[in-house]
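**Q** For reference, the structure I am asking about is given below.
The values are calculated or read from the model by the stated rules, or taken from the named source; none is laboratory data. In this text, all values refer to a predicted model and were calculated from it rather than measured experimentally. A quick note on method: Cβ atoms are made from the backbone with ideal geometry, for glycine too, and the neighbour counts reach across all protein chains shown.
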C-alpha cells in the first residue's frame, strides 16, 4: 500500500491500511452488522458458514500484530491489503439483504425493505464510474494517437526495433500495443520521476543517464543540451515523444532533435545517434 | 472490421468455455454421482491452468522458444478435449437438456441472470482503463509473442534479461495468453483486455450464481434436517421464490461490485483489471473455495472434494503469485473450524495438500529474494 509501511507504523499499520482500503465505503460496517444479525437470528447452517471464518479472520488477518510478525519474514507493506479480500463481504451482505426482502411478512413490507436496502446500497459505496465512464475508442483499448505515434516511428525508422522515450501514459502503454518499440525507461524509474525530485547528485550520476531525460520529460527541468544529447546517445534513444504543449520541446530541438511527425496532441522528435546501433534478439539456436 | 473483432471476442470466449468444460468434466466425473455443470466449468478453468503449468515450466526454465511450447500445448489440449468428449459426451448432452429445461421453466429468471452478466461483460470489454500493471502483464504477452521467448525479455523496456524474475516465473497464466496469441494471431491487447476479461467476468458470475443457489435453494430445503440425498432430489424442484431470491442476490452482488470501489478492493480489480491474475485470485478463486467449503460443510460434495480444492489452489497459484499467500489463509479460516467441529480428522491431509502449493511457491520466492538461487536465461 503506497505510503504505508509496517516498520514506521507498527501495530497501527493495520488501522491505516484498513482505512485506506475501505475509503468512503461502508461495506465492512454492513458486513459486521450482517454478521451480528446472523449470530443472533441466523440458522445453524448460516452460523456454520459465516461465523467461524469471520472470527478466525478477525483473530488473524485483522489482528494488528499480524502484519508486524509477517513483515519479519516477507515484505508485506505493499500487499497486506489483499488479505482483506478474504472476508466474504460479496456473499454475506447480498445474501442477508436478499433474505430480508424475500422473507418479509407480506408484499408491502418486502417492497419497503427493498427500498430501504436500495437506499443503504446507494450511500454505502462509491460508484466505479463516479468520475465518468470512458469508452474505449477502438478494440485495442488504446488511445488512437498512440497507435499513430507507433506507425509514425516505424515509418521513419530504418531500425526494426527503434528505441523511444515517451510521455508518462504512452510509456506505460506503448509496448502493450507495439512490442517492436523499445523503451529507454522502465515503469519503476518513470514512477519515481513523477512522484519524486532528482537530486543534483542523481543527475550527475554517469551510470544512469536516463535520469537526465526523465528530469526533462517528467519533471520539466532545464537540462544542459549537451548533457541531454549525451544521455540520448548513452541510452541509444532515437525518438522522444512529448505532449504538444510540453514546455521542454524547445530544449530538445535546441539539442538537435528534429520533428519526425506530429499528431493532434503529440510531437515525435527524432535524434540521430552518432554511433549507429541495431538491437537484435538473442540467438538461442546455438543453445539448443 | 469492428464486427470481425467483436466476433473474434465472442468466439474466443466460447472456445475458452469449451476447453474449461472439457478439462473440468474429466475431474468431476464419477460413477453414480452428479456434479453441477457450472462447477465443472469453473473447476475446469483452474485445471486447465494447472495442466498448462506443467507443460510450460520446463521449456521455459531451459529457455526454449514460445513456439515450441505452442507445439507441445496444442496436441495436449486436443487429446484432453477428445478424451473428455468420448468419456463425457453423454453427460454434456444431459446437461444441455437440463439447461434447456431450466430455461423453459424459468424464462424470466434466466433472462435476468443473463442481463446481469451481460451488463458486466459489456462494461469490462468496452471501457477504457489506464492501469500501470498492464504495462507488465499485457506487454509481457505481446513481448513473448514478438520475441518467441518466454519471460526472457523485459516487458517494460524490451531489453534482454539475464535471469528470470521469480515473482512471475510460476505464474504461467500470461504464457498461456501468449500461446493463444501466437497460435491465432489475435493481438495481445484484444485477447487479454477483451476475451479474457469477458471470460473471467462470466466465470465469476457463474460462481456467484452457484453460491446464491447454494444459499437459497439448497439452504431453504435443508431446513427440517433433510438428509443430503433427499435435499439433492428436492433441488431439482426448486421453487420460483427461491429462484427469484437468487436473481435478487446476484443483482445486489452486481451493485456491490460497482460501488465497493477504492484502488485496493477486489471489486475494483474485477471491474477494471478483470484480465489480471490478481483479479482472478481475489474474486474467482476466493469465492470458488468459499463455494466448495459451503458444499463440504453441508456434506454435499461427494466428488473428490479435496482434489477440486487442490486444483483450484494450485491452478490459482499458476495464475497469480498473490494466491500463494491468500489461499492458504482462506483454506485455514474456512476449513480448520469445520474440521474441528465435524471432528473430521481424515480431512486434515487434504487440507495440508491444498496449502502446500502456495507455501512451497512462497518459500521458493523467499529463497530467490534472499539470493540462494537464480534461474538464468542462458546456459551457465
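**Q** I'd like the residue in the range A:27-44 that is surrounded by fewer than 17 Cβ atoms within 10 Å (Cβ to Cβ) and within 14 Å of another protein chain (Cβ to nearest Cβ) and, out of all such residues, is nearest to residue A:101 (Cα to Cα).
**A** So, considering only residues that are surrounded by fewer than 17 Cβ atoms within 10 Å (Cβ to Cβ) and within 14 Å of another protein chain (Cβ to nearest Cβ), the one nearest to residue A:101 (Cα to Cα) is A:43.
**Q** Please tell me if residue A:95 is facing chain B (nearest Cβ under 10 Å), over 30 Å from residue B:241 (Cβ atoms) and surrounded by 13 or more Cβ atoms within 10 Å (Cβ to Cβ).
**A** no
**Q** Another one. Working carefully through the options A:155, A:178, find the one that is modelled with pLDDT of 95 or more and under 21 Å from the mean Cα position of the chain (by Cα).
**A** A:178
Yes or no, residue by residue, for (1) more than 13 Å from chain A (Cβ to nearest Cβ); (2) touching a residue at least 60 places away in the same chain (Cβ under 8 Å):
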position	(1), (2)
B:150	no, yes
B:175	yes, yes
B:183	yes, yes
B:187	no, no
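**Q** Next up: Considering only residues of the range A:129-154 that are in contact with a strand residue (DSSP E or B) (Cβ under 9 Å, 6 or more places away or on another chain) and more than 30 Å from residue A:182 (Cβ to Cβ), which is farthest from the other protein chains (Cβ to nearest Cβ)?
**A** A:129
**Q** If I filter the range A:174-197 down to residues being part of a loop (DSSP other than H, G, I, E, B) and more than 9 Å from chain B (Cβ to nearest Cβ), which single residue comes out as nearest to residue A:251 (Cα to Cα)?
**A** Taking the candidates together, the pick is A:197.
**Q** Right, next: If you take the residues in the range B:299-320 that are at pLDDT 95 or above and assigned to a loop (DSSP other than H, G, I, E, B), which one is surrounded by the most Cβ atoms within 10 Å (Cβ to Cβ)?
**A** So, considering only residues that are at pLDDT 95 or above and assigned to a loop (DSSP other than H, G, I, E, B), the one surrounded by the most Cβ atoms within 10 Å (Cβ to Cβ) is B:319.
**Q** Can you tell me which residue within the range A:198-225, out of those that are under 20 Å from the mean Cα position of the chain (by Cα) and part of a loop (DSSP other than H, G, I, E, B), is nearest to residue A:147 (Cα to Cα)?
**A** Going through the qualifying residues, I end up with A:218.
**Q** Yes or no: the range A:69-90 includes at least one residue that is more than 10 Å from chain B (Cβ to nearest Cβ) and either closer than 20 Å to residue B:282 by Cα or touching a strand residue (DSSP E or B) at 6+ places or on another chain (Cβ under 8 Å) (or both).
**A** yes
**Q** Hey, among B:143, B:192, which residue is in a helix (DSSP H, G or I), crowded, with 17+ Cβ neighbours inside 10 Å and in contact with a strand residue (DSSP E or B) (Cβ under 9 Å, 6 or more places away or on another chain)?
**A** Sole residue among the options that is in a helix (DSSP H, G or I), crowded, with 17+ Cβ neighbours inside 10 Å and in contact with a strand residue (DSSP E or B) (Cβ under 9 Å, 6 or more places away or on another chain): B:143.
**Q** In addition: Could you please let me know if residue A:214 is within 13 Å of residue A:252 (Cα to Cα), within 14 Å of another protein chain (Cβ to nearest Cβ) and touching a strand residue (DSSP E or B) at 6+ places or on another chain (Cβ under 9 Å)?
**A** yes
**Q** Moving to a separate point now. Return the residues of the range A:20-74 that are within 25 Å of residue B:260 (Cα to Cα), touching a residue at least 12 places away in the same chain (Cβ under 8 Å) and not in a helix (DSSP H, G or I); say none if nothing qualifies.
**A** A:23, A:24, A:25, A:26, A:61, A:62, A:63, A:64
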